[in-house]
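Asker: Input: one structure, supplied below.
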Amino acid sequence: MIEYSDDFCNLMLKYNKIHNITGAKTKQQIEENIEDSLYPLKYLHVNRLKKAIDIGTGAGFPGLILAMKLKDTHFSLFEPIAKKSAFLHLAKSTFNLQNVDIITKRVEEFPAFKADLITSRAVTRTQTLLELCKNFISQKSIVLLYKGSSVQDEIDKSVNHEIYGRGNRNYLILRNLNDN
């Protein structure tokens, strides 16, 4: 888990009662989302990750949770919905997360930079997402997508990829994508 797991759960439960930013309504459901966010780290070389972006961070899954765990990686969290972005700002402040920037815009509206890690959960189909973030991808970038059962239908088989399944979740990892 993460260092502030209990405090994060309590903060989210309190905020969510008023603003309804996530379907996770119990501590157990939030903890399951935290675990889901962290699970694929075992398949990455996290010590090599200096810059990361998370597209459509929502209530913080996975981007904010990854930032809490990977303190040496700088995360730019893209969340265009104001009430969700406000929660991310509150969490950043509450937990003094110096490695986090919250951007209340869509990723394609922001000046691009090359990221070592690009993550997203439940935003859009894989090819659409890759197109949206193409200017953030370098030859060394790792793209980690949290997908459902249709992951096989969404992936171009010629792309260097790995899929790890856990329950109903599939973690799609793309590596060695061409420079754009």
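Asker: Which of (1) touching a strand residue (DSSP E or B) at 6+ places or on another chain (Cβ under 6 Å); (2) charged (D, E, K, R); (3) surrounded by 13 or more Cβ atoms within 10 Å (Cβ to Cβ); (4) farther than 27 Å from E3 by Cβ is the odd one out, the single condition E162 does not satisfy?
Answerer: Single failed check for E162: (3).
Asker: Which condition number in (1) part of a loop (DSSP other than H, G, I, E, B); (2) without any contact (Cβ under 8 Å) to a residue 24 or more places away in the chain is the one that L97 fails?
Answerer: (2)
Asker: Moving on to the next point. Taking the condition part of a strand (DSSP E or B) and over 19 Å from P62 (Cα atoms), does Q139 pass?
Answerer: Criteria met by Q139.
Asker: Could you tell me whether A112 is over 24 Å from D7 (Cβ atoms) and either without any contact (Cβ under 8 Å) to a residue 24 or more places away in the chain or among the aliphatic types (A, V, I, L, M) (or both)?
Answerer: Yes, satisfied.
Asker: Still on this model: Residues being in a loop (DSSP other than H, G, I, E, B) and buried (at least 16 other Cβ atoms within 10 Å of the Cβ): count how many of those fall in region 70-94.
Answerer: Residues that pass the stated criteria total 3.
Asker: Which of the helices (runs of 4 or more DSSP H) found entirely inside region 1-69 contain at least 3 residues meeting this: over 11 Å from the mean Cα position of the chain (by Cα) and of a type outside the set (G, A, S)?
Answerer: Helices (runs of 4 or more DSSP H) meeting the threshold: 5-19, 27-38.
Read-outs throughout are calculated quantities, based only on the coordinates presented, and are distinct from any laboratory measurement. This is a predicted model, so every value here is computed, not measured. Cβ sites come from the backbone with ideal geometry, for glycine too, and all protein chains shown count toward neighbours.
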